[in-house]
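Following: one structure in structure tokens, then a few remarks.
The values are calculated or read from the model by the stated rules, or taken from the named source; none is laboratory data. All of these numbers come straight from a predicted model, not from anything done at the bench. Virtual Cβ from ideal backbone geometry, glycine too; neighbours counted across all protein chains shown. The accessibility values were calculated without ligands, DNA or RNA, using every heavy atom of the protein model including side chains. Shrake-Rupley method; radii C 1.70, N 1.55, O 1.52, S 1.80 Å.
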Amino acid sequence: MADTIPFDKIRDLASRYKPEMTRFLRDMIRIPSESCQEKDVILRIKQEMEKVGFDKVEIDPMGNILGFIGRGKRLIALDGHIDTVGIGNRANWTFDPYEGYEDDETIGGRGASDQEGGMASMVYAARIIKDLDLADDYTLVVTGTVQEEDCDGLCWQYLVKERGLRPEFVVSTEPTDGGIYRGQRGRMEIRVDVKGVSAHGSAPERGDNAIFAMGKILADLEALHPRLKHDPFLGKGSLTVSEIFFSSPSRCAVADGCSISIDRRLTVGEDKELALSQIRELPAVKAAKAKVSMYTYERASYTGLVYPTDCYFPTWVAPEDHAACQAAADAYRELFKAEPRIDKWTFSTNGVSIMGMYGIPVIGFGPGKEKEAHAPNEKTWKEDLVRCAALYAALPLTYLKRKPA
């Protein structure tokens with residue numbers, strides 16, 4: 001394989017493009033791009049895609065950007081979401097999260113690891129493919145997707161159902177700490193509502209306090225968490241209460257309503273029906289006649305498009321012996337002369353729809369570290385950008401040789 005794919009040239013060219021990737025990433029970081037506010041960063045990505053020579057660049061009605069290289073019949077995709085979370089408490093940052101910083105090794109700023117660094121590496125992987133004439137019987141599509149932080153996978157629901165985009169496999173460029181990832185737990189957003197009856201706070205026995213009823217439900221939920229299913233690869237299912245709300249006529253009254261949000265992480269063998277039924281069967285839920293439901297997402301993208309979906313994001317695992325996973329491992333060995341770490345994400349990615357809903361295989365390899373995601377003082381590593389660009393450029397041919405038509 002090393003005789004036919006110029007791994008050394010790919011690696012050297014990726015290293016040569018480190019300054020361009022650094023500049024491009026810093027430009028993206030300077031453009032605030034929280035979910036549903038990505039327009040300006042999408043336009044900056046379009047500019048860079050056109051500069052490096054993509055064959056075609058499109059922005060779809062949802063606002064996702066798609067750049068195409070080649071015109072072969074084998075379709076392969078690289079995906080990176082380009083929206084970010086907010087900055088949180090500004091006092092927790094030691095530098096401006098949008099101006100960012102760079103030194104000899106790192107680049108700092110909101111989105112550096114999660115995950116605009118992936119976009120920088122993808123765009124320059126395409127340039128390497130063009131420079132070294134690595135095009136073959138494949139088309140590579142690079143997708144810069146929107147709204148992932150708000151609703152992971154919604155963008156790919158749109159791409160698959162409305163555009164009919166179905167690659168042979170997708171590389172997610174979420175941060176992987178240098179490993180090749182092949183799965184993640186799913187998740188869902190659950191709401192529990194309890195109704196009470198208000199009364200004057202001086203005579204609480206005249207009412208029915210919804211907060212007290214919810215307190216018993218909270219205790220049952222806390223006891224449920226350690227009993228959830230465990231998988232040897234993905235780990236344990238989990239739940240936590242993330243929000244609490246109430247309604248009451250005043251601070252001098254019995255609360256007549258109480259609601260909570262639950263973040264439920266789903267391991268192999270768990271799905272939405274199981275997760276909902278586990279909560280509905282809790283004694284305190286039954287006693288309070290509480291309503292247990294799933295949230296829905298209906299927020300408009302920056303283009304104004306509303307694409308409603310349930311807040312259910314299925315678990316997925318790609319087999320380690322899948323051709324895409326093995327091709328990534330082959331390319332890693334040839335490029336970096338080391339054995340790759342095959343692992344999984346702790347957090348959720350667009351793979352929840354790509355593979356979880358539609359069965360399109362997903363593997364992950366992306367610059368940065370998981371622990372940097374959503375954290376203050378977020379950063380990534382310049383060498384990660386180089387390594388990822390090299391692997392993305394080498395992977396299509398490596399895959400075609402492992403899995404010919």
(message) Consider the range 305-333. How many of its residues are in a helix (DSSP H, G or I) and either open to solvent by 50 Å² or more (accessible area, probe 1.4 Å) or over 20 Å from residue 366 (Cα atoms) (or both)?
(response) 1
(request) Could you please find all residues in the range 334-350 being assigned to a loop (DSSP other than H, G, I, E, B) and either in contact (Cβ under 8 Å) with a residue 60 or more places away in the chain or aromatic (Phe, Trp, Tyr) (or both)? (result) 340, 341, 346, 347, 348, 349, 350
(request) Please enumerate the residues belonging to the range 121-172 that are small (Gly, Ala, Ser) and buried (at least 24 other Cβ atoms within 10 Å of the Cβ). (result) 121, 125, 126, 144, 153, 172
(message) Let me confirm something: among 90, 74, which residue is without any contact (Cβ under 8 Å) to a residue 40 or more places away in the chain and among the basic types (Lys, Arg)?
(response) 90
(request) Tell me which residues, restricted to the range 168-191, are under 15 Å from residue 348 (Cβ atoms) and among the small types (Gly, Ala, Ser). (result) 172, 183, 186
(request) Restrict the check to the range 252-263 and report whether at least one residue is touching a Pro at 6+ places or on another chain (Cβ under 7 Å) and over 27 Å from residue 215 (Cβ atoms). (result) no
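Applying the selection to the range 76-94, what residues are open to solvent by 30 Å² or more (accessible area, probe 1.4 Å), assigned to a loop (DSSP other than H, G, I, E, B) and farther than 21 Å from residue 152 by Cα?
89, 94
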(request) Check off (1) open to solvent by 50 Å² or more (accessible area, probe 1.4 Å); (2) within 21 Å of the chain's Cα centre (by Cα); (3) not basic (Lys, Arg) for residue 287 and give me the number that stays unchecked. (result) (2)
(message) Tell me the residue from 41, 52 that is out of contact with any Asp or Glu (no Cβ under 8 Å at 6 or more places or on another chain), modelled with pLDDT of 95 or more and buried (at least 17 other Cβ atoms within 10 Å of the Cβ), please.
(response) 52
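What about residue 218, is it in contact (Cβ under 8 Å) with a residue 40 or more places away in the chain and within 30 Å of residue 319 (Cα to Cα)?
Judged against the criteria, residue 218 is not a match.
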(message) residue 275 - would you say it is outside any loop (DSSP other than H, G, I, E, B), of a type in the set (Gly, Ala, Ser) and buried (at least 19 other Cβ atoms within 10 Å of the Cβ)?
(response) yes
(request) Would you check if there is a residue in the range 151-167 being in contact (Cβ under 8 Å) with a residue 12 or more places away in the chain, farther than 30 Å from residue 398 by Cβ and either assigned to a loop (DSSP other than H, G, I, E, B) or of a type in the set (Lys, Arg) (or both)? (result) yes
(request) From 400, 385, grab the single residue that is of a type outside the set (S, T, N, Q) and closer than 22 Å to residue 12 by Cβ. (result) 385
(request) Kindly check whether there is at least one residue in the range 65-75 that is assigned to a loop (DSSP other than H, G, I, E, B), in contact with a Ser or Thr (Cβ under 7 Å, 6 or more places away or on another chain) and within 26 Å of residue 352 (Cβ to Cβ). (result) no
(request) For residues that are part of a strand (DSSP E or B) and of a type in the set (Val, Ile, Thr), scanning just the range 101-150, find the one that is farthest from residue 301 (Cα to Cα). (result) 106
